[in-house]
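Below is one structure, written out as structure tokens; comments come after it.
The values are calculated or read from the model by the stated rules, or taken from the named source; none is laboratory data. Just so you know, these numbers come straight off a predicted model, no measurement behind them. Here the Cβ positions follow ideal geometry from the backbone for every residue, glycine too, while neighbour counts run over all protein chains shown. To get the accessible areas, we keep the full protein, side chains included, count just its heavy atoms, and leave off ligands, DNA and RNA. Shrake-Rupley method; radii C 1.70, N 1.55, O 1.52, S 1.80 Å.
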Amino acid sequence: MTTAYRLDNLWGLRAPHWRVYAALADVEDYDHWWLQVRGVHRIDGERARVRIRSLLPYTLDLVLTRAVQDEARGILRVDIAGDLQGWSAWQLSAE
């Protein structure tokens with residue numbers, strides 16, 4: 001049996017659009033600013049292994065594969081494999 005989840009979150013940041021996009025596109029630096037990211041290992045130019053731990057008492061081991069990187073439209077998307085299957089996307093807007 002497969003269970004599907006959809007999680008939406010809205011972040012309001014006072015920072016230039018280009019700076020936020022650059023930080024989100026730089027997966028290798030996530031563990032420096034995103035507390036739940038416990039480690040990042042670049043596999044190749046398109047993939048990285050990421051370990052995530054939050055309030056749950058276990059660590060998720062994920063492989064993120066770049067699917068879309070469109071800076072002009074403010075879109076980033078990765079496919080997720082490992083302990084979770086699916087995708088994650090960022091849509092930046094200046095509001």
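Brief remarks follow.
- If the condition is being open to solvent by less than 100 Å² (accessible area, probe 1.4 Å), in contact with a strand residue (DSSP E or B) (Cβ under 6 Å, 6 or more places away or on another chain) and within 17 Å of A25 (Cα to Cα), then the stretch 84-95 contributes S88, A89, W90.
- Taking the listed residues A94, A23, A72, the one that is touching a residue at least 12 places away in the same chain (Cβ under 8 Å) and either touching an Asp or Glu at 6+ places or on another chain (Cβ under 9 Å) or among the small types (G, A, S) (or both) is A94, with no other qualifying.
- Filtered residues of the stretch 1-32 (kept if over 19 Å from Q85 (Cα atoms) and either open to solvent by 100 Å² or more (accessible area, probe 1.4 Å) or among the acidic types (D, E) (or both)): L10, W11, L13, R14, W18, R19, D26, E28, D29, D31, H32
- When restricted to residues that are open to solvent by 40 Å² or more (accessible area, probe 1.4 Å) and out of contact with any Ser or Thr (no Cβ under 7 Å at 6 or more places or on another chain), the stretch 41-51 contains 6.
- Any hit, the stretch 61-83, residues being among the small types (G, A, S) and open to solvent by 80 Å² or more (accessible area, probe 1.4 Å): yes
- Hey, R38 surrounded by 10 or more Cβ atoms within 10 Å (Cβ to Cβ), under 17 Å from G86 (Cα atoms) and charged (D, E, K, R) or not: no
- Selection of first residues in the stretch 30-55 that are closer than 20 Å to R77 by Cβ and of second residues that are small (G, A, S) and at pLDDT 95 or above, restricted to Cβ pairs under 6 Å at least 6 apart or on distinct chains, gives the following pairs, ordered by first then second residue: V40/A48; R42/A48.
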